[in-house]
Amino acid sequence: MRRILLEGLARGALTEPPPSRDDATLAELAAKVDGAARRRLGRSLSIRQVDAGSATAANWKSMRSITPSTTSKRFGLRFVASPRHADVLMVTGPVTKNMRGALRRTYNATPDPKWVVAVGDCALDGGIFAGSYAVVGGVSNVVPVDLHIRGCPPRPVDMLKGLLALLEWQSAR
């Protein structure tokens with residue numbers, strides 16, 4: 001065990017360096033999302049995040065936006081604890097058989113107008129878990145989906161762009 005630890009320390013990190021943050025782009029995107037939410041709803045966008053059986057990558061990325069380092073409120077987003085207060089259900093992961101009923105109940109508890117955003121490749125079609133005996137498939141197999149955000153996991157910027165597109169599309173209707 002000691003040998004493995006020392007070899008790991010000598011070798012260094014095996015990960016890639018993080019991408020550089022473009023604060024100007026984030027600030028511009030934040031202003032657009034907040035403005036679109038206020039035009040459409042008259043307030044910030046309320047999101048209820050639902051983990052339907054993910055391997056945590058997409059789930060972690062979406063929930064990461066509530067940490068102090070990115071402060072979702074500056075993007076005009078508010079994560080809520082109850083689906084009764086949500087405008088958007090942000091669903092991550094493939095839907096497992098055990099979560100199918102809970103996802104339907106959460107969808108039914110969300111007041112109209114409501115939007116469902118499937119986050120990640122697994123939420124689209126089951127991803128690497130497709131065909132598993134424990135997986136129903138993508139989110140659209142259980143509830144209607146308004147927006148798919150691809151990636152494994154998707155980048156936070158892509159999630160913000162997707163939410164902006166959803167708000168602008170709904171405003172145009």
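Quick notes on this structure:
- Considering residues of region 95-143 that are assigned to a loop (DSSP other than H, G, I, E, B) and closer than 18 Å to Ala81 by Cβ only, the residue farthest from the chain's Cα centre (by Cα): Pro111
- Just one residue in the set Arg78, Arg48 is assigned to a strand (DSSP E or B), at pLDDT 65 or above and touching a His at 6+ places or on another chain (Cβ under 8 Å); that residue is Arg48.
Residue-by-condition table, conditions (1) closer than 26 Å to Gly42 by Cβ; (2) of a type in the set (Asp, Glu); (3) in contact with a Leu (Cβ under 8 Å, 6 or more places away or on another chain):
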site	(1), (2), (3)
Gly93	no, no, no
Lys97	no, no, no
Pro111	yes, no, no
Lys114	yes, no, yes
Gly138	no, no, yes
Arg150	no, no, yes
Pro156	yes, no, no
Met159	yes, no, no
Trp169	yes, no, no
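- Here region 110-160 is the region considered, the condition is being touching a residue at least 40 places away in the same chain (Cβ under 8 Å) and on the phi > 0 side of the Ramachandran plot, and the residue that is surrounded by the most Cβ atoms within 10 Å (Cβ to Cβ) is Gly120.
The values are calculated or read from the model by the stated rules, or taken from the named source; none is laboratory data. On a predicted model such as this, the values are computed, not experimentally measured, just so you know. Please note: Cβ atoms are built from the backbone with ideal geometry, for glycine as well, and neighbour counts cover all protein chains shown.
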